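Undergrad: Got a structure for you, written out below as structure tokens; questions coming shortly.
Just so it is clear, none of the values below were taken in a lab; they were calculated from the coordinates. A quick note: this is a predicted structure, and the numbers were derived from the prediction, not measured. No Cβ is skipped: glycine too gets one built from the backbone with ideal geometry, and neighbour counts run over all protein chains shown.
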Amino acid sequence: MSKPQTDHEKRKQISVRGIAEVEDVNAIKKTFNRHLHYTLVKDRNVATTRDYYFALAHTVRDHLVSRWIRTQQHYYEKDPKRVYYLSLEFYMGRSLQNTMINIGIQSPVDEALYQLGLDIEELEELEEDAGLGNGGLGRLAACFLDSMATLGMAAYGYGIRYEYGIFAQKIRNGEQVEEPDDWLRFGNPWEKARPEYMIPINFFGNVIDTPNGKKWVNTQVVFALPYDNPIPGYNNNVVNTLRLWSAKSPTDFNLKFFNDGDYIQAVLDRNLAENISRVLYPNDNFFEGKELRLKQEYFMVAATLQDIIRRYKAAKFGSKEAVRTNFDYLPDKVAIQLNDTHPSLAIPELMRLLVDVEGLSWEKAWDITTRTCAYTNHTVLPEALERWPVTMLQSILPRHLEIVYQINFLHLKDVENKWPGDWDKLRAMSLIEEDGEKRVNMAHLSIVGSHAVNGVARLHSEIIKDDLFKNFYELTPEKFQNKTNGITPRRWLLLCNPALSDVISDKIGEDWIVHLDELKKIKKWAKDPNFQRSIMKVKQENKLRLAEMLEKEYKVKINPASMFDIHVKRIHEYKRQLLNCMHIITLYNRIKKNPTANITPRTIMIGGKAAPGYHTAKLIIKLILAVAKVVNNDPIVGDKLKVIFLENYRVTLAEKIIPAADLSEQISTAGTEASGTGNMKFQLNGALTIGTLDGANVEMAEEMGNENIFIFGMTVDEVEALKKKGYNAYDYYSNNPELKQVVDQIHNGFFSPENSDEFKHLADILLKWDRFYLLADYEAYIKKQDEVSAVYQNQVKWLEMCINNIATSGKFSSDRTIIEYGKEIWGVNPSYDKLPAPHEPRE
Ligand SMILES: *Cc1c(COP(=O)(O)O)cnc(C)c1O
């Protein structure tokens, strides 16, 4: 045995490809010291580790600047079609290591910091996550930005610079409490404010008729101040832009107060306008119809569209520089992708700009709008679909409401044409829902105003055609598409799992980083003992590192030989963390009943945030914590079973957990999870999946073969049949003694001795009103978990399955997803050409 390596040596060995140039290292040290001195205004006697982090971040940022400027100049000169990805969420996580990796300076920076006597990993831990998202939808937007830059597309992300991102989850007295995420407290070294591009945004007011058409007047104005964030592509010298808007009060805000003499009050009231970008709404897959949220959505859309049109007009087209005034070419030069309906006001806003401001005819404007916009649907859950009250739109956006009514009038004519005299169709397809409070159905608006509508996995795209949007599919079948989600292999393998990356690269080279399909080449070593051993070694090291971290944090002893069974995602009834919890209780009951039986030891980890107002989800967290307390402190159980609730699950925690997983839990009720992307991250990192035939699990199983995944439970058709026949949970409860015991324990306070009613509500849901059929899938789930345990005992078989999982994960690269969006929706092709590096001459 050679002597153990230091962390630095390990990192150097595993993540360095090519030799760090001495010159680069010296230059980096110099830049770092310059930033410590001139930017942080510190010397090494008084500098804190945070000062060192900021000096490092600024050093790395310097390496982005020329690439960023040159990329934007290149786009200006070439005038390619621009792609605009509009999203209320961008769940970016940290930027430092991702930037170093993508621009290829990680190894000289590592070496420079080592020579300076600093621990780079300790500094990296000081970066706050940019948590401007809730879960999968926001993280998808972040993966897409990485892929679009890596594929050389002239793409822009547009969103809101929330001052407070997703709350920090703390566990106190056995339950979730929320703390505000004050992520900008120490400043954000990655962003650049652009006050010179500030844009006025109007709210409220009224609409008047003028000889030149309708005008929106007497509005209240809030300014949108852009902050630009660099998005480096991998190894191609491309740096794209994520532009995030911050609300800024106009100088003359509430001037009437000032004239009244209440100057102090006028200044204080500036906060009111600036509240628009204060905080991210913490709901995942749930619509909360709050006025402030509607203002956020319009604020982002209105600022973005003005920016898009400014850039369109200023473009130099052909060879001559000119102001482009003809909007006929807008759909040839601009693609706008709507990430769910959250930015769907882009449709009436673009109509307003083209008709009211630019003076186009309605027909012309509508043709341009529909050919420019495309809509991605992310859910079929009714409680998640946005339906804004007409009264709220009337007050805040009166002109947009008129435009929506006009769109609806013309749309219903088309419906009437297709189905003459069918009043049910008219009612079902109207943009305006008339039962109860009048509301605008934003999904209907998005479909009508777009040339393409896509679901995010094959199964989900079929469900929206056959069910949710059936009528619209029959009206305009050509609009409907599928774009199965993906994840970026840079962050979700190269960055988070350098040891596995190296084992792979040693066998097949590094092409997989940008062509993930290359991973299929490792399949031929699935049974190779040496390759299996190297895969096992990496997993074991990752598990040990995670165990060490968790033991420090939670003071529980973890058995690193146990199966790491991991269920991390937002806490939601449809995701069925409660079903997992019922498996835990079943295992516990079995151990208690038969303490000497030989079982496969497991460390079961569940993590995720519950929306602060979602009481049932919070109660599920409480139950998991209560079960963990009982299980972990029972001496009979020992190290056969440990249960850990992972606090504050977020992008940075995902990067640490997923590489250490043996088993990935993807157990939503079939038909409820549109795609899932967590499932893909686990597959790529060599965990096996236990899952239902839901979302992208279906395609994962297809890629790897059913022999490499643990599929259980009802299919969508079986769920539908059960719904039709009538679901009676008691049938399952009465016929399965293990299940009955579990439900009874939840019901009677077995896990809450101090309050026997604590979890009664959960048992009541399970038996009476369960929309997600947990009891119907319980038996199949437990059976499949027993099979998982048995296979884990056969490590040769298990490792073969792990390798087959990794080898078939190529489809789930977001590069593949983006290439498909480009070809089939945007009319944009990837460019694999590298731009010249900063030290190279420009072409
Ligand atoms: C990938 C990811 C998600 C999405 O996970 P699902 O299992 O697909 O719901 C949520 N949160 C974070 C932090 C993620 O990285």
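Undergrad: Do any of Lys192/Lys681; Lys418/Lys470; Lys438/Lys618; Lys609/Lys768; Lys214/Lys295; Lys418/Lys479 go past 20 Å between their Cα atoms, and which?
TA: Cα-Cα > 20 Å for Lys192/Lys681; Lys438/Lys618; Lys609/Lys768; Lys214/Lys295; rest within.
Undergrad: What ranking do 352-358, 686-692 get when scored by the average of other Cβ atoms within 10 Å per residue, highest first?
TA: So the order, starting with the most tightly packed, is 686-692, 352-358.
Undergrad: Now for a different question. Residues in the range 642-670, backbone N under 20 Å from the label point at Ala780 (7 Å along the Cα-to-beta-carbon vector): list them, ranges by number please.
TA: Residues passing the 20 Å test: 664-670.
Undergrad: If you don't mind, another one. Can you run phi through the Karplus equation (6.51, -1.76, 1.60; θ = phi - 60°) for the range 496-503 and list ³J(HN,Hα) in whole Hz, with x for Gly and Pro?
TA: 7, 9, x, 5, 5, 4, 5, 4
Undergrad: Could you tell me how many cubic angstrom of Cα convex hull volume the range 621-751 has per residue?
TA: That works out to 156 Å³ per residue.
Undergrad: Please list the radius of gyration and Dmax for the range 674-767, considering alpha-carbon atoms only, with Å as the unit.
TA: 17.5, 49
Undergrad: If you don't mind, another one. Amide H of Met605: which non-local residues (sequence gap of 5 or more, or other chain) have their own amide H closer than 5 Å, using H built in the peptide plane?
TA: Those lying under 5 Å, H to H, from Met605 are Asp565, Ile566, His567, Ile644.
Undergrad: Counting other beta carbons within 10 Å of each residue's own, what order do Trp769, Trp512, Trp419, Trp183 fall into, fewest first?
TA: On the way: Trp769 9, Trp512 25, Trp419 16, Trp183 19.
So the ranking, lowest neighbour count to highest, is Trp769, Trp419, Trp183, Trp512.
Undergrad: Continuing with this model, one more query. If I take R0 = 51 Å and measure r between the Cβ atoms of Gln394 and Lys656 in this structure, what FRET efficiency does the formula 1/(1 + (r/R0)^6) give, to the nearest 0.05?
TA: E between Gln394 and Lys656, to the nearest 0.05, is 0.60.
Undergrad: Right, next: Using only C-alpha atoms and all pairs of different ones, pull out the Kirkwood radius for the chain in Å with one decimal.
TA: It is 28.6 Å.
Undergrad: Taking the square root of 5 times each eigenvalue of the Cα gyration tensor, what semi-axes in Å does the equivalent ellipsoid of the range 394-450 have, largest first?
TA: Computed over the range 394-450, the values are 20, 13, 9 Å.
Undergrad: Residue-wise, which Karplus ³J(HN,Hα) couplings in Hz belong to the range 447-461, taking 6.51 cos²θ - 1.76 cosθ + 1.60, θ = phi - 60°, and x for glycine or proline?
TA: Once rounded to whole Hz, the list reads 5, 5, x, 10, 8, 9, 10, 10, x, 10, 7, 4, 4, 4, 5.
Undergrad: What are the semi-axes of the equivalent ellipsoid for the range 226-305, taken as the square roots of 5 times the Cα gyration tensor eigenvalues, largest first, in whole Å? Before the final figure, lay out each step's value.
TA: Numbers: eigenvalues 217, 73, 19 Å².
Taking √(5λ) for each Cα gyration eigenvalue gives 33, 19, 10 Å.
Undergrad: In addition: Would you please put 494-500, 403-409 in order of how densely packed they are, using the mean number of other Cβ atoms within 10 angstrom per residue and starting with the highest?
TA: Numbers: 494-500: 22.6, 403-409: 18.4.
Packing proxy ranking, top to bottom: 494-500, 403-409.
Undergrad: What FRET efficiency comes out for Trp362 versus Ala428 if R0 is 22 angstrom and r is the Cβ-Cβ distance? Round to the nearest 0.05.
TA: Working: r = 25 Å, r/R0 = 1.15.
After rounding to 0.05, the efficiency reads 0.30.
Undergrad: I need the per residue convex hull volume for the range 272-409, using only the alpha carbons, in cubic angstrom as a whole number.
TA: 132
Undergrad: Would you pull out the residues with amide H under 5 Å of Leu242's amide H, same chain only if 5 or more places away, H placed 1.01 Å from N?
TA: Gly157, Asn229, Ile231
Undergrad: Most exposed first by the Cβ proxy, i.e. fewest other Cβ within 10 Å, how do Arg161, Arg172, Arg50 rank?
TA: Taking fewest neighbouring Cβ atoms as first place, the list is Arg172, Arg50, Arg161.
Undergrad: A follow-up question, please. Go from 0 up to the bin containing the longest alpha carbon distance in the range 704-843, width 5 Å each, and give me the % of pairs per bin.
TA: P(r) for the range 704-843, in whole percents per bin: 2, 8, 10, 11, 10, 10, 11, 11, 8, 6, 4, 4, 3, 2, 1, 0.
Undergrad: Whose amide H sits under 5 Å from the amide H of Thr376, counting only residues 5 or more places off or on another chain, with H placed in the peptide plane?
TA: Result for Thr376 returns Leu338, Asp340, Asn454.
Undergrad: Sorted from fewest to most neighbouring beta carbons within 10 Å, what does the list His37, His572, His567, His615 look like? Mind dumping the intermediate values first?
TA: Values: His37 14, His572 24, His567 27, His615 11.
By the 10 Å Cβ count, ascending: His615, His37, His572, His567.
Undergrad: Residues in the range 443-471, backbone N under 13 Å from the label point at Tyr727 (7 Å along the Cα-to-beta-carbon vector): list them, ranges by number please.
TA: Under 13 Å, as judged by backbone N against the label point of Tyr727, lies no residue of the range 443-471.
Undergrad: Tell me, what are the semi-axes, in whole angstrom and largest first, of the equivalent ellipsoid of the range 89-138 as set by the roots of 5 times the Cα gyration tensor eigenvalues? Don't jump to the answer; show the numbers that get you there.
TA: Numbers: eigenvalues 142, 31, 5 Å².
Each semi-axis is √(5λ); the values are 27, 12, 5 Å.
Undergrad: Based on the Kirkwood radius over alpha-carbon pairs, what is the Stokes-Einstein translational diffusion coefficient of the range 591-641 at 37 °C with 0.692 mPa s viscosity, in µm²/s? Don't skip to the end; give the middle numbers.
TA: Values: Rh = 12.7 Å.
Roughly 259 µm²/s, to the nearest whole number.
Undergrad: On to the next question. For the range 516-662, with only Lys/Arg (+1) and Asp/Glu (-1) charged at the beta-carbon, what is the dipole magnitude about the Cα centre, in debye rounded to 20?
TA: For this selection, approximately 220 debye.
Undergrad: For the ranges 756-764, 659-667, 617-625, what's the packing order if you count other beta-carbon atoms within 10 Å of each residue, average per peptide, and put the highest first? Mind dumping the intermediate values first?
TA: On the way: 756-764: 16.3, 659-667: 25.7, 617-625: 22.3.
Ranked from most to least packed, the peptides come out as 659-667, 617-625, 756-764.
Undergrad: Which whole-Hz couplings ³J(HN,Hα) result when phi for each residue of the range 93-106 is put into the Karplus expression 6.51 cos²θ - 1.76 cosθ + 1.60, θ = phi - 60°, listed in order with x for Gly and Pro?
TA: In residue order, the calculated couplings are x, 7, 10, 4, 5, 4, 5, 4, 5, 5, 9, x, 10, 4 Hz.
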